[in-house]
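Novice: Got a structure here, written out as structure tokens. Questions coming.
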Amino acid sequence: QFVFTEQGTAWLPEEITRLDYYHLRLGGSGAASGSQEARFGEALGRLSLKPSEYWARQCQLGSSFIRRAEVPLREAVGIERIMWGSDFPHLEGCWPYSTQHLRLAFHDVPEHEVRAMVGGNAARVYGFDLDALAPLAARFGPTPAEVSVPLDADDIPDDSLRCPAFASGKYLGD
């Protein structure tokens with residue numbers, strides 16, 4: 001697996017589409033013989049999959065403090081590909097307001113999807129034992145019921161605005 005870490009999420013769907021377009025254009029039958037496109041096509045012709053298929057098979061996205069406006073892109077990225085992160089200990093991360101961030105981002109997302117993006121996908125990729133981690137999650141982590149409560153912009157702590165996800169929620173309405 002190849003993991004992109006400390007990333008936003010918004011860039012990925014368009015980039016995958018662009019890569020597929022160029023894969024088809026440069027490697028397909030539309031490239032004129034002897035053209036620059038045809039020269040790229042020689043290498044692309046050796047690929048067995050489209051870029052989007054490679055992404056779906058072997059890539060993951062470490063989505064640091066996913067913004068509310070990025071959450072609707074989860075299906076285009078692949079719910080099973082997103083691994084939420086707080087960006088701890090960096091100053092721009094959402095900690096110590098991780099629960100509030102999860103509420104802001106995921107309050108209306110189905111629980112099974114939140115569980116996947118917030119922990120299950122990372123457990124699968126890195127081989128974490130969820131049963132062994134369950135007591136720690138129960139002690140320190142928010143419950144699904146807590147995450148499902150929407151976070152009003154007025155309830156975003158002022159000192160959390162160093163995190164872009166909170167700033168966009170407070171000032172941009174997303």
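Every number here is computed from the coordinates shown, using simple stated rules; none is lab data. This one's a predicted model, so the numbers in the text were calculated from it and none came from an experiment. Counting neighbours? That spans all protein chains shown, and the Cβs are built from the backbone with ideal geometry, glycine included.
Novice: How much length would be gained if the chain were fully extended between ARG46 and LEU19, taking 0.36 nm per residue of separation minus their Cα-Cα distance, in nm to one decimal?
Specialist: 8.2 nm
Novice: In nm, to one decimal, how far is the ALA153 label point from the VAL125 one, both placed 7 Å along Cα→Cβ?
Specialist: It is 3.2 nm.
Novice: Further, regarding this structure: Compute the Rg/Rh shape ratio of region 99-174: radius of gyration over Kirkwood radius, all on alpha-carbon atoms.
Specialist: Numbers: Rg = 13.9 Å, Rh = 13.6 Å.
For region 99-174, the value is 1.03.
Novice: With +1 on the Cβ of every Lys and Arg and -1 on the Cβ of every Asp and Glu, and nothing else charged, how large is the dipole of the chain about its Cα centre, in debye rounded to the nearest 20? Could you put the intermediate results ahead of the total?
Specialist: Values: 16 positive and 24 negative charges, 133 e Å.
Here the size comes out at about 640 debye.
Novice: Now for a different question. Just to be sure I understand the curve: with the Debye formula and one point per C-alpha of the chain, what is log10 I(q)/I(0) at q = 0.08, 0.09, 0.17, 0.20 Å⁻¹?
Specialist: Summing over Cα pairs of the chain leads to -0.32, -0.40, -1.02, -1.30.
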